[in-house]
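Below is one structure, written out as structure tokens; comments come after it.
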Amino acid sequence: QQELNILRCASFACVPLTANEKTLGVIVVDNHISSDPVPDQRLSAVVTFCNQASLVLKRLVKSS
């Protein structure tokens, strides 16, 4: 409930950004204007984005 109050939305979804089994961040999505739950299709796109971003982060961690 605290997170909902901070974000001022009725619902939201969180998807982690990870590299080498460590969580480096979180992407949070919502429907701020409509307050409807995030549709599965949109959430799937966010998960795909986070998976791709995680691959980039893993490569950056390996190269440093």
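Quick note: the coordinates plus some simple rules give every number you see, no bench work behind them. Not measured: the values here are computed from a predicted model. Reconstructed Cβ throughout: ideal geometry from the backbone, glycine too, with neighbour counts over all protein chains shown.
Relative contact order of the stretch 2-63, taken over Cα pairs closer than 8 Å and 6 or more residues apart, is 33 percent. Helices in the chain, meaning DSSP H runs of at least 4 residues, each add -39500 (n - 2.57). Divided by all residues, the mean residue ellipticity at 222 nm is -15500 deg cm²/dmol.
In a simple Cβ point-charge model (Lys, Arg +1; Asp, Glu -1; nothing else charged), the chain has a dipole of about 380 debye relative to its Cα centre. Close amide-amide hydrogen proximity is noted between L17 and L24, G25, V26, I27, each under 5 Å apart and 5 or more residues distant or on a separate chain (H modeled in the peptide plane; Pro and chain starts excluded).
If we count every other residue with Cβ under 14 angstrom of I33's Cβ, Lys/Arg +1 and Asp/Glu -1, where does the sum land? Around I33, the charge tally is 0.
Across the chain, Cα-Cα pairs more than 17 Å apart make up 48 percent of the total.
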